[in-house]
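Peer 1: Below you will find the structure I want to go over with you.
Where a number appears in this text, it was derived from the coordinates with a stated rule and is not lab data. Bear in mind the structure is a predicted one, so any value in this text is a computation, not a measurement. Neighbour counts are summed over all protein chains in view; Cβ atoms, including those assigned to glycine, are modelled from backbone coordinates with ideal geometry.
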Amino acid sequence: MTMKSPRPTLEPMPQPPVKPTIDNMEEEARVTRFMRLAHTYGPIFQLNLPGRQWVITANYELANELCDEKRFLKKHLPFRAVSQIVPTSIFVVSTTEPVWSKAHKIMLPLFSTQAMHAYLPKMWETTMPMILKWERLNPDDEIDVYDDMVRLTSDIIGSCCLDYNFQSFYRETPHPIMQALMRSLEGLLLRERGGPGQKVPGEQEPLQWEADAAYLHQMVDEIIRQHRVNGTGTGNSMLDSLLASNDRQSGEKLTSQELQDQVITLLFAGHVTTSTLLSFALYELIRHPAVLAKAYAEAERVLGDVLARPPTPVQLGQLQYISQILKETLRLHPPVTLLTVQTIKEEETLGGKYRVTADQDLSILVPALHLDPSIWGDNAETFQPDRFLPDAEVKIPANAYKPFGNGVRACLGRAFALQEAPLVLGMLLQHFEFIDHTGYQLKIKERVGPRPEGFKIQIRRRAHAQPVVVAVPASLQATAPAPAPAPTEEKIQVKAHHTPLFVLFGSNLGTAEGLAQRIGDDARDRGFTTAVAPLDGVIDQPRLYHCCCPS
Ligand code: HEM
């Protein structure tokens, strides 16, 4: 790509000297380095890299501007490595490309409330092998927290996305699919971050990532083929939904390449981030005994002392303090540290005095945004879950808290992560005491994302917690207390009167659609003739609104 000559800025932007390797990941995490540069050069600075310019912003005022989707848009990531493995991935393609809007519409329903309810038992079931492993450890055994969280979140996304069990707690090394995924990504990122011609410690042979990527696509393709031929056990995996859905506007389905790329994206995005969140949450809990005590009390009160069945969505919603802990963890340790956009017009003025152009990558350094004292106060660096008490949370200014990204390109899997993380943390708090036997000092390492390097803990089963029962013998089952029956809805049957009812839903995360379907189904049981449709589909058909008014 030929570079346009840099245009003059209204005021020159600070430009730190760039080392040939801008972030040698073996030496210092990229996020740590950028935070250090922001400390030295201020809230905006420009890196001149071979072939491109990269502007990093590090305060609320500038982030707020970059979140304005009328001026800035995500067209690509600062590093292009991922697009070599999954060129049509929703995560990497430009917001302006048709494939993005098609994939976006097809993938939204994967994260509807209804879908979340279907994933919940799978999430619980997939967490149990880790609980069993932890429960069987000797008192002096230690747990590598990040390693186990990666295993767990890989298994959960494998189960919910593909109905495929990676069985990470029953093998020494990660499942070959996950190995190929992470090796190919890390291999490419290492090469790219090292700069052209750079040999970076840990770099793989050039062809290794290609072999890994080819294997990954081949395996995912095979799983998709089997789903097409045999269907799946549950019929409610993300892949089932992807295979069944099309873009309502164009009627188009995902092509075979697009399908593979989105599945690989879900496997990747669905585990690297949540594993980081859970690892840092445990780290913060261990450092804050008073917070930990409150979290224990809440887990006990809401979930009880038995792990024998999955919590209900209502119970998960009652884990208010645990959810505050997770939000505060995402503030101090956002798993995605850079949000990158480009200008829509040829050029823009940023911060009232810096000219930026369409060929520059403009990034929000999220950890810096989350520490801006103008928003979070002088004690921004302290861990205080009460910042997210409901009354306080609503007062956080728009665009000041961005762990899940911005606008139309915000995280699709947010609801998934915010169900998975409280579930796992709740189950761990319900059952285990965490022991910081090494007096761990945080060391952040970054490969694909940041993580607490070398964070190891020991655990004990909590005094009141009952041992996990794997299989209850039939003789015991009769005397075991029956689980509380799930609330059942009485089916109402009335004579059909065929009053037409037309239920319209707005495009959202599939929640509105689920609700509309339920209203439609209920009304049908009550004798109505119902139709359920998206609002977009009837905008130009005012005639249809007639049906909304039962005669
Ligand atoms: C704590 C957990 C998570 C965090 C902090 C997180 C954060 C983010 C962020 C910041 C973005 C926007 C990136 C950008 O603008 O370049 C993003 C995008 C995305 N995330 Fe997540 N994520 C999490 C979990 C998940 C999960 C569990 C899934 C899937 C199961 C997922 C799927 C996606 C997808 C598909 C996108 C691309 C959306 C688009 O570009 O249109 N994420 N995530």
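Peer 1: Counting other beta carbons within 10 Å of each residue's own, what order do H39, H227, H76 fall into, fewest first? Can you show the working numbers first?
Peer 2: Numbers: H39 10, H227 18, H76 15.
Ordered by Cβ neighbours within 10 Å, fewest first: H39, H76, H227.
Peer 1: Turning to a different aspect of this structure: Among R461, R301, R387, rank each residue by its count of other Cβ atoms within 10 Å, from fewest to most, as a rough exposure measure. Numbers along the way, then the final one.
Peer 2: Working: R461 15, R301 11, R387 20.
By the 10 Å Cβ count, ascending: R301, R461, R387.
Peer 1: Say each of E142 and L389 gets a label point 7 Å from the Cα, pointing the same way as Cα to Cβ; how far apart are those two points in nm?
Peer 2: Those two pseudo-labels are separated by 3.8 nm.
Peer 1: Can you flag which of K102/K253; K327/K402; K74/K345; K327/K395 are past 18 Å Cα-Cα? Before the final figure, lay out each step's value.
Peer 2: Values: K102/K253 8 Å; K327/K402 11 Å; K74/K345 13 Å; K327/K395 15 Å.
Pairs exceeding 18 Å: none.
Peer 1: If you don't mind, another one. Highest first, please rank the peptides 125-137, 143-155 by the mean number of other Cβ atoms sitting within 10 Å of their residues. Don't jump to the answer; show the numbers that get you there.
Peer 2: On the way: 125-137: 17.5, 143-155: 22.8.
Packing order, densest peptide first, comes out as 143-155, 125-137.
Peer 1: For an R0 of 30 angstrom, estimate the FRET efficiency from the Cβ-Cβ distance between T255 and K70 and round to the nearest 0.05.
Peer 2: 0.45
Peer 1: Using 1/(1 + (r/R0)^6) with R0 = 41 angstrom and r between the beta carbons of R52 and K456, what's the FRET efficiency to the nearest 0.05?
Peer 2: On the way: r = 40 Å, r/R0 = 0.96.
So, using R0 = 41 Å, E works out to roughly 0.55.
Peer 1: Just grab the label-to-label distance for E11 and D525, each label 7 Å out from Cα along the Cβ direction, in nm (one decimal).
Peer 2: 6.4
Peer 1: Another question, if that's okay. Could you work out how far apart the two model spin labels at F79 and E172 are, taking each label as a point 7 Å from the Cα in the direction of the beta carbon, and quote it in nm?
Peer 2: Those two pseudo-labels are separated by 2.9 nm.
Peer 1: Further, regarding this structure: Taking the number of other C-beta atoms within 10 Å as the exposure measure, put I85, I396, I224 in order starting with the fewest.
Peer 2: Details: I85 25, I396 15, I224 18.
Least to most surrounded, the residues fall as I396, I224, I85.
Peer 1: Between E61 and K445, what's the calculated FRET efficiency when r is the beta-carbon distance and R0 is 41 Å? Round to 0.05.
Peer 2: E between E61 and K445, to the nearest 0.05, is 0.85.
Peer 1: Counting Lys and Arg as +1 and Asp and Glu as -1, what is the net charge of the other residues whose Cβ lies under 12 Å from the Cβ of R151? Mind showing how you got there, number by number?
Peer 2: Working: positive: K133, R171; negative: D144, D147, D148, D155, E172.
My count for the surroundings of R151 gives -3.
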